[in-house]
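Notes follow once the structure below has been shown.
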Amino acid sequence: MIAPSPVITPTPCSMLSMRGQGVVKGIAIGRVAVMGAAALEVVHYRIQSDAVQAECDRLTGALAAARDELQNMAANLPDDAPREMGALLTVHSMLLDDPMLAKQTCDLIIERHYNAEWALTTQGQTLSEQFAVMEDDYIRERGADVRQVIERVLRVLSGSTALLVNFDTAQTDEPLIVVARDISPADMLRLRGGRFGAFLTDLGGPTSHTAIVARSMNVPAVVGLGNIRALVREGDILIVDGSTGSVMVNPPEAVLNEYRRRQAAYADDRAELGLLRDAPAITLDGVAVKLQANIELPEEVEAALAAGADGIGLFRSEFLFMGRPELPTEEEQYVAYASVIKAMSGRPVTIRTLDVGADKALDGDVTVATNPALGLRAIRYCLAHPEIFATQLRALLRASVYGELRILIPMISHMHEVRATRQAIASACAELDARGVAYADNISLGAMVEIPAIAIAIEPFVESLDFLSIGTNDLIQYTLAIDRGDNEVADLYDPLHPAVLRLIARTINAADAAGKPVAVCGEMAGDARVTRMLLGLGLKEFSMHPQQLLDVKKEVRLAHSNALRVKVAAALNRADSIDLATLAA
Ligand code: PEP
Ligand code: MG
C-alpha cells in the first residue's frame, strides 16, 4: 500500500538485491538489456549570435520530426496494442507543441546562445523540478512524460534513430529484462513483441506509464529502483518479483531454482484464478459478496469486465479533468460517463464527482493552500465552484439513462454539504428539464466516508443518503494524522490500527442497521491479505483495481464469515493493531 523507498542489500552469498515498487505482479527470470538515455550524452556548446535563428530552426525541425514520428505510431498501432497506447502517444505529441517546451527552449537559445540540445536539457531540468514538487502523485509523475518527450527530440537532434536496447538479443534465448531510467509509451510500443520478461526503471511510481503499459501487457514491472542502471551490466541474470518489488542480480543456482519453482506455481495460480472469473463470490457460510472495480478512465472498463466485476464501485472522475489546459465540456463528460454505463450493461456504476482542489490542482489553478490535505478540495471545491459542479452533474444526469448510475460525493464532513449537493442536483435536473433532456429518476446519492468526523457521527448521514463508500486511503490518513504521500512517516500509516478498524466497523454497522449498501473502495479493498479482516468487520461490498479482483474473490470463497466476525470483534478492543495471522483459516 505504501511505496517503499529503494533498498539495496548485499545478501550473505554476495548476491546483490534491490527493492523498488512492484507495480505489476509476477516473477521473471532473464538477462539484463539496458536502455540508453539520450539526455546523458548531450553535447554543450555556445553558438554565435548569427547562428541563433538557424539553431532555433534546427530545434523546431526536430520537434516536428518527433511529433510526426509519434503521430505515425499512433495511426499505425498494431491491433494488439494496449488501448491506452494511442492516448499516451497523442499526449506526447501534444507536449511537443506546448510553449513550455517549444517556445521556452527557443528563448534559451536566443538569450543564452545555448546549442539546441543544451537548451532542451536545461528546459527539461526546469520542468522536472516544477513537476517534482507537485503534491499529487499523478501530476508529479506526468513530469516523466516531459522527460520522455525530450529524450525523443534529443535522439532526433543527434540523428540517432537506433533505440534503446543495446544488448544483442541474438545472444540469448532467455527473456530480456529491460532496465531503464524510465520508459516512454512510444518506447514501450517499440519494445512490444519482444521476449521481454520484465521492466525495471530507476524512476516512476504506480501511475507512471511504465506501470500502466506494463500492466496492460501483463509483464512484471518494478519502478522507483533509484539507480539500477548503474548497478547492473548487460547480460547479467536477474530475478524480478513484481509482487514484492525485489530484484536479485546474478543469483546462485539454488536461488534460481527456487524462483523457477515459484514462477511455475505463480503461473498455475493465475490459470486457476482465471477459472474463478464466473464463480460466485460467496463465503463458505453462504454470505454473498459484491466485488466491484475502481477505474480512472473509461477505457479501463474493459479490464473490469474481463475480471468479472459486479459493477464499477469507484470511477475517479477527476482523471478526466487533470493534465489539460481546459475543463472537459458537459458533452465530453457525458460521452465518457455514458460509455462506462453502457459498457456495464445494467450493472451499477458509481461515479465520484470531481475530487480535486489544493493538492490535485487543475491546470491553471494556482491557489496554494496552507495545508492542502485539509483545504478546499473535493466537495468543498465543487460547492465553491458551482459552475464546474453543475456541468458535471448535468453530464452525469444525462448519462444516467443508459443504466444504473450512483453518484458518489467525496470528502463529505458536514450534513449541510449533503443538502447543498442535493440542491445542486435539483438545479441540474431543472436545467435539463428546461432543455427537454431526459435523465433517470432512480439515481442513488452516496458519500465517501473518508473523514473521521462522518464515521463517528454516521447515523444521520446513513439516514439521508442512499449508500456509503469507505475511502480507507484518506480515512487512515486523517485518523492517524499521517500524510499518505510522506515517506518519512510511511511506517505509521497503519490500515490495521484499531482506531481505523473501529471507524470502519461503525460505518458498516450503521449502514447495515439502516439497510443501506456500504462498500470499501480504498486500497485495502484490493489487498487480499486483509480480505478476511474486512469480512470479519461485516463488509459485503469491495471495490478495487480490476487486477486484484480474482485474488480477493479467492479469499472470499475460502473464508467463513461468521467465525471471522467473532475473531475481529474481539480484536477491535485491543490496543495494538490486529494480527492478521490470527484470522488465517
Ligand atoms: C480513498 O481515499 O480511499 C479513496 C478511494 O479515494 P482517493 O484514493 O482517490 O483519495
Ligand atoms: Mg480519498
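Descriptive notes on the structure:
- Among the residues making up segment 529-561, those that are more than 15 Å from Ala309 (Cβ to Cβ) and open to solvent by less than 30 Å² (accessible area, probe 1.4 Å) are Val530, Thr531, Met533, Leu534, Leu535, Gly536, Leu537, Gly538, Leu539, Ala559, Ser561.
So that you can scan it fast, the table gives a plain yes or no per residue for (1) open to solvent by 70 Å² or more (accessible area, probe 1.4 Å); (2) over 29 Å from Asn371 (Cα atoms); (3) in contact with a strand residue (DSSP E or B) (Cβ under 7 Å, 6 or more places away or on another chain):
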site: His92; (1), (2), (3): no, yes, no
site: Asp97; (1), (2), (3): yes, yes, no
site: Gln104; (1), (2), (3): yes, yes, no
site: Gln123; (1), (2), (3): no, yes, no
site: Thr126; (1), (2), (3): no, no, no
site: Tyr138; (1), (2), (3): no, no, no
site: Asp145; (1), (2), (3): no, no, no
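Conditions tested, residue by residue: (1) within 16 Å of ligand 1 (Cβ to nearest atom); (2) within 22 Å of the chain's Cα centre (by Cα); (3) closer than 28 Å to Met134 by Cα.
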position: Arg324; (1), (2), (3): no, yes, yes
position: Lys342; (1), (2), (3): no, no, no
position: Leu354; (1), (2), (3): yes, yes, yes
position: Thr370; (1), (2), (3): no, no, yes
position: Ala373; (1), (2), (3): yes, yes, yes
position: Ile388; (1), (2), (3): no, no, yes
position: Ala395; (1), (2), (3): no, no, no
position: Asp433; (1), (2), (3): no, no, no
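- Whenever a residue of segment 391-412 is over 18 Å from Ser345 (Cβ atoms) and within 16 Å of ligand 2 (Cβ to nearest atom), its partners that are open to solvent by 10 Å² or more (accessible area, probe 1.4 Å) and among the aromatic types (Phe, Trp, Tyr), lying with C-beta atoms within less than 9 angstrom and at least six residues away or across chains, give the pairs Met411/Tyr381; Ile412/Phe461.
- If you go through segment 464-504 and keep only what is open to solvent by less than 10 Å² (accessible area, probe 1.4 Å), among the aliphatic types (A, V, I, L, M), within 21 Å of Met544 (Cα to Cα) and not in a strand (DSSP E or B), you end up with Leu475, Ile476, Val500, Leu501, Ile504.
- Of all the numbered requirements in (1) under 24 Å from Ile451 (Cβ atoms); (2) open to solvent by less than 30 Å² (accessible area, probe 1.4 Å); (3) modelled with pLDDT of 95 or more; (4) not aromatic (Phe, Trp, Tyr), Val349 misses one, and that requirement is (1).
Residue by residue, here is whether (1) part of a helix (DSSP H, G or I); (2) modelled with pLDDT of 80 or more; (3) not hydrophobic (A, V, I, L, M, F, W, C) holds:
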position: Thr105; (1), (2), (3): yes, yes, yes
position: Ile110; (1), (2), (3): yes, yes, no
position: Trp118; (1), (2), (3): yes, yes, no
position: Thr121; (1), (2), (3): yes, yes, yes
position: Gly124; (1), (2), (3): yes, yes, yes
position: Gln130; (1), (2), (3): yes, yes, yes
position: Glu135; (1), (2), (3): no, no, yes
position: Tyr138; (1), (2), (3): yes, no, yes
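- A single member of Ala303, Ala221, Ala265 is surrounded by fewer than 20 Cβ atoms within 10 Å (Cβ to Cβ), among the small types (Gly, Ala, Ser), in contact with a helix residue (DSSP H, G or I) (Cβ under 7 Å, 6 or more places away or on another chain) and within 30 Å of Cys521 (Cα to Cα), and it is Ala303.
- Only one of Leu480, Leu475 that is within 16 Å of ligand 1 (Cβ to nearest atom) and without any contact (Cβ under 8 Å) to a residue 40 or more places away in the chain: Leu480
Yes or no, residue by residue, for (1) within 16 Å of ligand 2 (Cβ to nearest atom); (2) hydroxyl-bearing (Ser, Thr, Tyr); (3) modelled with pLDDT of 95 or more:
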site	(1), (2), (3)
Ala490	no, no, no
Ala513	no, no, yes
Val520	yes, no, yes
Gln548	no, no, no
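- Of the set (1) open to solvent by 50 Å² or more (accessible area, probe 1.4 Å); (2) more than 30 Å from Arg347 (Cα to Cα), all apply to Val240 but (1).
- Candidates Ile282, Ile312, filtered to the one that is modelled with pLDDT of 95 or more and within 16 Å of ligand 1 (Cβ to nearest atom): Ile312
The values are calculated or read from the model by the stated rules, or taken from the named source; none is laboratory data. The shown structure was predicted, so the numbers you read here are calculated from the model rather than taken from an experiment. Here Cβ is always computed from backbone atoms with ideal geometry, including for glycine, and neighbour counts include all displayed protein chains. Note: accessible area is taken over every heavy atom of the protein model, side chains too, but ligands, DNA and RNA are not part of it. Shrake-Rupley method; radii C 1.70, N 1.55, O 1.52, S 1.80 Å.
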